[in-house]
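Let me begin by presenting the structure, written as structure tokens, before commenting on it.
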Amino acid sequence: MRTTVGIIGAGPAGLLLARLLHEAGVESVVLESRDRAYVEQRQRAGILEQGTVDVLRAAGAGERMDREGLRHDGIELRFDRTRHRVDLPALTGGSAVTVYAQTEVCKDLIALQLKEGGPLLFGAEALAVEDADGGHPRVRFRHGGREDVLHCDYVVGCDGFWGVARRAVPAALSRVFERTYPYAWLGILADVPPSHDELVYARHDRGFALLSMRSPAVSRLYLQVPEGTDAGAWSDEDVWDELERRLETGDDWRLDRGPVTAKSVTPMRSFVHEPMRYGRLFLAGDAAHIVPPTGAKGLNLAVGDVVTFARALVHERDTGSADLLDAYSETCLRRVWQAERFSYDMTTLLHRAPDATPFDDRVQLARLRRIAGSRAAETDLAEAYTGFPLG
């Protein structure tokens, strides 16, 4: 097989890149190790930045998002039983976020790719990226019980943290920056309308809590728990009781309960691999960086990466200049590190460390009061939350 761009991974990054390239008249082949049902059911992110929404619309993938997604013009911070709403459009010149699950983004992009785009091979396991620093890289993969080779002009690794793409970068050239956190998120999906119409981020002496949603009828909620927690050790009633404690306010707000349909634990870590390019291999999304979920940045960072690559490739085709491709890693990493910074700030602002002292508690509360009392501090949060400029 031969193509211009070989894309490893059919998550939102790989699928969106294939769509952007198709719209630009560039051939691609997408290799995905899992089957279609798995990709369309894999629960991940649910918050789309303004820039991500704009890109999906421009790519022709926004019709159902606009119909079923939930635009949010604010978030709520809770601490000391008080509530503070951050008005996103008022602080950013009109930007907002949209609640629309990653599973739905993938469904939309898969449908478009199968209808209009190039080959999308499910059950195609990438085994290795070879000759990445040469003129014609190739991807060895297994599909339908036999091995094959995809010859490319470029390879983009959108295959996540555990994929093969990053392994093709020589260890001598790789720099890894990472941090693990001593807590995790216990998350539930529940068949109950959300108890608030916007996301609620709560700092509590017992730990962080988040009230979110997947639709007007389905709530998504999280609790800070110790690292290594077994989700099965928490009964549904225990989860609801603890959510009620941590989300409590001084007014008449109440948390509505409902049947829990899913329960899982998400570890918390920060990770960046530099560089994000080696020869004709480009890393995107979780293959190059991971953020703790507090800042809602993971999917949106991946979108920024593939938009940057697609623009650079089209620029080279149209002008003959590889300047933007050569700057890919540096361009992406500027945005990545700002998102890492914001995600770290949000995580340390709202989570209580196991060894937290009374001094640490007072500093957290002072930081939250600063945001609630200063338009400048509130604007900094709102601009980061709605998204840093793509590219």
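The values are calculated or read from the model by the stated rules, or taken from the named source; none is laboratory data. Keep in mind that this is a model prediction, so the values were computed, not measured. Note that we place each Cβ from the backbone using ideal geometry, even for glycine, and neighbour counts take in every protein chain shown.
Tally up the residues in the stretch 366-390 that are out of contact with any Phe, Trp or Tyr (no Cβ under 6 Å at 6 or more places or on another chain), over 26 Å from Val55 (Cα atoms) and not charged (D, E, K, R), please.
Final tally of qualifying residues: 7.
In the stretch 27-44, what residues are out of contact with any helix residue (DSSP H, G or I) (no Cβ under 6 Å at 6 or more places or on another chain), modelled with pLDDT of 95 or more and among the polar types (S, T, N, Q)?
Across the stretch 27-44, the qualifying residue is only Ser33.
I'd like to verify a number: residues in the stretch 135-153 that are surrounded by fewer than 19 Cβ atoms within 10 Å (Cβ to Cβ) and either of a type in the set (Phe, Trp, Tyr) or under 16 Å from Arg167 (Cα atoms) (or both), how many?
The qualifying residues number 1.
Only residues that are more than 22 Å from Glu125 (Cα to Cα), among the small types (Gly, Ala, Ser) and in contact (Cβ under 8 Å) with a residue 12 or more places away in the chain: list them for the stretch 18-61, please.
Ala24, Ala45, Gly46, Gly51, Ala59, Gly60, Ala61, listed by residue number.
Residue by residue, here is whether (1) surrounded by 14 or more Cβ atoms within 10 Å (Cβ to Cβ); (2) in a loop (DSSP other than H, G, I, E, B) holds:
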site: Val155; (1), (2): yes, no
site: Arg166; (1), (2): yes, no
site: Phe177; (1), (2): no, no
site: Trp185; (1), (2): yes, no
site: Leu189; (1), (2): yes, no
site: Pro194; (1), (2): yes, yes
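Every residue, every condition in (1) touching a His at 6+ places or on another chain (Cβ under 7 Å); (2) more than 26 Å from Ser212 (Cα to Cα), yes or no:
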site: Gly51; (1), (2): no, no
site: Gly60; (1), (2): no, yes
site: Asp73; (1), (2): no, no
site: Leu77; (1), (2): yes, no
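So which residues in the stretch 314-346 are in contact (Cβ under 8 Å) with a residue 60 or more places away in the chain and not aromatic (Phe, Trp, Tyr)?
Val314, Arg317, Thr331, Leu333, Val336, Glu340, Ser343, Met346
Identify all residues within the stretch 62-109 that are within 17 Å of the chain's Cα centre (by Cα) and of a type in the set (Phe, Trp, Tyr); write none if there are none.
Tyr100
Taking the stretch 247-264 as the region of interest, how many residues are within 25 Å of the chain's Cα centre (by Cα) and either of a type in the set (Asp, Glu) or not in a loop (DSSP other than H, G, I, E, B) (or both)?
Qualifying residue count, the stretch 247-264: 5.
Is it the case that Glu147 is under 30 Å from Gln50 (Cα atoms) and over 22 Å from the mean Cα position of the chain (by Cα)?
No.
Taking the stretch 73-88, which residues are under 15 Å from Leu48 (Cβ atoms) and buried (at least 20 other Cβ atoms within 10 Å of the Cβ)? Talk me through it step by step, then tell me what you get.
Taking the stretch 73-88 first, the residues under 15 Å from Leu48 (Cβ atoms) are 73, 75, 88.
Hits for the stretch 73-88 are Ile75, Leu88.
For the stretch 340-375, name all the residues that are small (Gly, Ala, Ser) and farther than 21 Å from Arg83 by Cβ.
Scanning the stretch 340-375 gives Ser343, Ala353, Ala356.
Count, please, the residues in the stretch 89-98 that happen to be β-branched (Val, Ile, Thr) and surrounded by fewer than 22 Cβ atoms within 10 Å (Cβ to Cβ). Give the derivation first.
From the stretch 89-98, those β-branched (Val, Ile, Thr) are 92, 97-98; that's our starting set.
Next cut, surrounded by fewer than 22 Cβ atoms within 10 Å (Cβ to Cβ) only: 92, 98.
Summing the residues that are β-branched (Val, Ile, Thr) and surrounded by fewer than 22 Cβ atoms within 10 Å (Cβ to Cβ) in the stretch 89-98 gives 2.
Table: residues versus (1) in contact (Cβ under 8 Å) with a residue 60 or more places away in the chain; (2) surrounded by fewer than 16 Cβ atoms within 10 Å (Cβ to Cβ); (3) hydrophobic (A, V, I, L, M, F, W, C).
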{"site": "Ala202", "(1), (2), (3)": "yes, no, yes"}
{"site": "Leu211", "(1), (2), (3)": "no, no, yes"}
{"site": "Arg214", "(1), (2), (3)": "yes, no, no"}
{"site": "Ala217", "(1), (2), (3)": "no, yes, yes"}
{"site": "Ala233", "(1), (2), (3)": "no, yes, yes"}
{"site": "Glu244", "(1), (2), (3)": "no, yes, no"}
{"site": "Leu247", "(1), (2), (3)": "yes, no, yes"}
